[in-house]
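Trainee: Please find one structure pasted underneath; my questions will follow.
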């Protein structure tokens, strides 16, 4: 079982989760690109009851074209993207993999919103790829 612990850049927010992740994936949606400041987000999904957060996170909520919301949480001091919660994935919190203390074990098993992927992004491996959010 991987150690799921991490925090923001300045250290004012720390988190840990018990148990195995529900999934590890890559998201190419344009909102994730903006939230991470990168071409995609790598997230580790954990059951919400398994997650403990110390410190204060600020929240930004956006409703998508489908009418479902996503809450993005970040450190108000340093601006680090820390977690996402999506109405479509009730009971799961997605941790931004770059905030893990040890991300060496992270191996995404799927990529979503591939229709929004930057044309120069070519991810290898045996990941399942979906044009949008799978049903």
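Trainee: Check off (1) farther than 18 Å from residue 10 by Cβ; (2) in contact (Cβ under 8 Å) with a residue 24 or more places away in the chain for residue 57 and give me the number that stays unchecked.
Mentor: Result: residue 57 fails condition (1) only.
Trainee: Now for a separate question. Just the residues that are assigned to a loop (DSSP other than H, G, I, E, B) and surrounded by fewer than 20 Cβ atoms within 10 Å (Cβ to Cβ), please, taken from the stretch 9-43. Reasoning before the result, please.
Mentor: Keep residues of the stretch 9-43 that are assigned to a loop (DSSP other than H, G, I, E, B), which gives 9-13, 18-22, 28-29, 37-40.
Selection gives 9, 10, 11, 12, 18, 19, 20, 22, 37, 38, 39.
Trainee: Can you tell me which residues in the stretch 77-135 are modelled with pLDDT of 90 or more, surrounded by fewer than 19 Cβ atoms within 10 Å (Cβ to Cβ), assigned to a loop (DSSP other than H, G, I, E, B) and at negative phi?
Mentor: 77, 78, 90, 101, 102, 106, 107, 109, 118, 119, 120, 121
Trainee: Looking only at residues that are assigned to a loop (DSSP other than H, G, I, E, B) and either buried (at least 17 other Cβ atoms within 10 Å of the Cβ) or modelled with pLDDT of 95 or more (or both) in the stretch 44-67, which one is nearest to the chain's Cα centre (by Cα)? Let's see the steps before the verdict.
Mentor: First pass over the stretch 44-67, keeping only residues assigned to a loop (DSSP other than H, G, I, E, B): 55-57, 64-67.
Those still in the list that are either buried (at least 17 other Cβ atoms within 10 Å of the Cβ) or modelled with pLDDT of 95 or more (or both) too: 55-57.
Values: 55: 18, 56: 18, 57: 15 Å.
Here the residue is 57.
The values are calculated or read from the model by the stated rules, or taken from the named source; none is laboratory data. Since the structure is predicted, the reported quantities are computational estimates derived from the model, not experimental observations. Ideal geometry is used to build each Cβ from the backbone, glycine not excepted, and the neighbour counts take in all protein chains shown.
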